[in-house]
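Visitor: Handing you a structure now.
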């Protein structure tokens, strides 16, 4: 991309940012709703902590296996708006199918379909935003992440309210409506724009006469040998392990151990997400100014500290305070790490780079639920929360070894 073009991009209207961020909200709305429904589903089907963890791990394994192919599809097809719309539909529809499930295995199939569909979104959306606003990656991607936080904040409250009137099976069917509406908006308002502009330009400017399979595999190998990118991705995998463990088992813990009602569980999960909603733009803007490393390191340290504080708070009011602090610091680093990864990926491989990043994140996410469930059933759920605090410390240690000149090497 030329210097003049790069300078002009930040002045673009933010319509695309808001639309894509709203679509991202829906991709997070569905799993956030499911987390509130999960205690009810688990009791109806008679699932243990280990079985619940196994189900959620299978969803993330399906995501890990489909992320990299999803990134390759984005880079080869290039029609990012159409792919985002397809992702929204594919995420929502399997949740509606859950209304027909009567066994753990049927539920697992639906969750794996969700894991596959969700992974077309990020390789299409994140490079589109990052390359349209190159000088403001952290801020723009924080808006995208903020969309996810809004979806995750509103969904638990909505699900808890709906459960006062409907069964969980009726709720998953009702829940598909907003996704269909948003997929249509993305298809109409973003699809044509991305189709006519992004892929052709990227291929002309950076890939010359086009790609072939052999060259593409060589480029993928170069990403795997990129030490900076891989350290960022693996550190992000540990961060995702922490996040997924909390998102799956915090509602179960509140319902099973503390006796919270569905609406009270929804309030706690909303507090977690509202804190993340506030943190994202702040962290993104600060990272654009002072650098990604400082924001990520401080956020990871404080996440571990606040998880331990949450454990000790018990049933007091401070428990909610620590939940909010966990959400603030845990979600603050998410858009920063995405921007950091994009900066260390060649532009022609942006979709594949994001696919690789989210493959590793999904691997981390797949480890969390099953491991947490086994630890909780064997040594108690509080021990499992200490395990999550340890994973965020491991993520922090990896960031220390990220080379400081990684972005220049990628360029």
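Visitor: Would you please put 376-388, 224-236 in order of how densely packed they are, using the mean number of other Cβ atoms within 10 angstrom per residue and starting with the highest?
Guide: On the way: 376-388: 17.5, 224-236: 20.2.
Highest to lowest by the protection proxy: 224-236, 376-388.
Visitor: Give me the distance in nm between label points sitting 7 Å out from Cα along the Cα-to-Cβ direction at residue 177 and residue 18, one decimal.
Guide: It works out to 2.4 nm between the two label points.
Visitor: Continuing with this model, one more query. What is the packing order of peptides 296-309, 319-332, taking the mean over residues of other C-beta atoms within 10 Å and listing the highest first?
Guide: 319-332, 296-309
Visitor: In the range 304-411, if every C-alpha pair distance is counted and binned at 5 Å from zero, what percent goes to each bin?
Guide: 2, 10, 15, 19, 19, 13, 10, 7, 4, 1, 0
Visitor: Here is a further query. Cα atoms only: what Rg and Dmax, in Å, come out for the range 98-150?
Guide: Rg, Dmax (Cα atoms, Å): 16.2, 50.
Visitor: In addition: Apply 1/(1 + (r/R0)^6) to the Cβ-Cβ distance of residue 320 and residue 374, taking R0 = 30 Å, and write down the FRET efficiency to the nearest 0.05.
Guide: 0.60
Visitor: On average over all directions, what projected area in square nanometres does the range 302-348 have, based on the convex hull of its Cα atoms?
Guide: 3.6
Visitor: For the peptides 96-104, 262-270, 287-295, 360-368, what is the packing order when you average, over each peptide's residues, the other Cβ atoms within 10 Å and list the highest mean first? Mind dumping the intermediate values first?
Guide: Numbers: 96-104: 15.3, 262-270: 21.1, 287-295: 18.3, 360-368: 25.0.
Listed from highest to lowest mean packing, they are 360-368, 262-270, 287-295, 96-104.
Visitor: How far is it, in nm, from the label point at residue 105 to the one at residue 383 when both lie 7 Å from their Cα along the line to the Cβ?
Guide: Result for the modelled spin labels: 3.2 nm.
Visitor: Moving to a separate point now. Run the numbers for residue 294 and residue 167: contour at 0.36 nm per residue of separation, minus the present Cα-Cα distance, in nm.
Guide: Details: separation 127, 0.36 × 127 = 45.72 nm, distance 4.60 nm.
Value of the extension gain: 41.1 nm.
Visitor: Please work out the ratio of the alpha-carbon Rg of the range 211-291 to 2.2 N^0.38 Å and round it to two decimals.
Guide: With N residues counted in the range 211-291, Rg over 2.2 N^0.38 Å equals 1.67.
Visitor: Follow-up. Which translational diffusion coefficient, to the nearest whole µm²/s, is obtained for the range 130-176 from the Stokes-Einstein equation, given a Kirkwood hydrodynamic radius over C-alpha pairs, 25 °C and 0.890 mPa s?
Guide: 194
Visitor: Need the full-extension length gain, residue 301 to residue 184, defined as separation in residues times 0.36 nm minus the C-alpha distance. One decimal, nm.
Guide: Full extension from residue 301 to residue 184 adds 38.0 nm.
Visitor: In addition: When the distances between all Cα atoms of the range 232-350 are binned every 10 Å from zero, what whole-number percent does each bin get?
Guide: Whole-percent P(r) values from 0 Å outward: 13, 43, 28, 12, 3, 0.
FYI, it's all coordinate maths here, none of it is from the lab. Treat the numbers as computed from the prediction; the structure is a model and nothing was measured. Here the Cβ is made from the backbone with ideal geometry for all residues, glycine too, and neighbour counts use every protein chain on show.
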